[in-house]
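Below is one structure, written out as structure tokens; the observations come after it.
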Amino acid sequence: DKGDTPYNLRSCAYMEDFFSPKIIFQEMVQESSFMLDDKGEFMCLDTARIITGNDLDIIISVLNSKLFFYAIKTFYGGGGLGGNGVRMKHTFFENFPMPNFSDKNIIDIKFLLSRLSEGNLDKIDKIIFEFYGIEEEEIKLIDN
């Protein structure tokens, strides 16, 4: 009888998502650490989450941006964990306003992602700051 088992071993309704392209992220971090698994090869532990869908490369650019981490840490996350930790609970950032980038921004971000370097990550941050209208003084605050 199904009701006699001590564990809930039903099949996972979204199991195929684990084998598809996805963004993987830990819930408790000290810095942005979203990872793109574009081949569906990686799994995650119980304290990690996944995001599936379209335009994952663009989404991860925003999620790993300085602006996003600052916003979660300061406004959405309800405070930090200890001295440096931040909880990246999906319910904290599901209402973060994702940008509707222009075609040029998307092409630029994809180009920069294809040639990852610290300098190109800074250029992606600059595109994101410009999209949201973040001014120089605000960028300095976010960078610190």
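Take 61-68, 116-123 and order them by the average number of nearby Cβ atoms within 10 Å per residue, most first; the result is 61-68, 116-123. Positive contributions from Lys and Arg (+1) and negative ones from Asp and Glu (-1), summed over other residues with Cβ under 13 Å from the Cβ of MET88, come out at +1.
Within the full protein context, the accessible area of ASP55 is estimated at about 100 Å² for a probe radius of 1.4 Å. Within straight-line reach of LYS39, meaning a Cα separation under 20 Å, sit the following aspartates and glutamates at least 8 residues removed in sequence or on another chain: GLU16, ASP17, ASP55, ASP57.
Taking a straight line from the alpha carbon of LYS140, these lysines sit under 23 Å away, with near neighbours fewer than eight places off in the same chain left out: LYS66, LYS73, LYS123, LYS126.
Taking all protein chains as they are arranged and a probe of 1.4 Å, the heavy atoms of LYS140 leave approximately 100 Å² accessible to solvent.
Sequence-ordered 3J(HN,Hα) estimates for the range 94-99 from the Karplus curve with 6.51, -1.76 and 1.60 and θ = phi - 60° stand at 5, 9, 4, x, 6, x Hz, glycine and proline given as x. Each Lys or Arg adds one and each Asp or Glu takes one away; over the other residues whose Cβ falls under 15 Å from the Cβ of PHE75, this sums to +2.
The values are calculated or read from the model by the stated rules, or taken from the named source; none is laboratory data. What you are looking at is a predicted structure, and each value in this text was computed from that prediction instead of being measured. Here Cβ is always computed from backbone atoms with ideal geometry, including for glycine, and neighbour counts include all displayed protein chains. Calculation scope for accessible area: heavy atoms of the full protein, side chains included, ligands and nucleic acids excluded. Shrake-Rupley method; radii C 1.70, N 1.55, O 1.52, S 1.80 Å.
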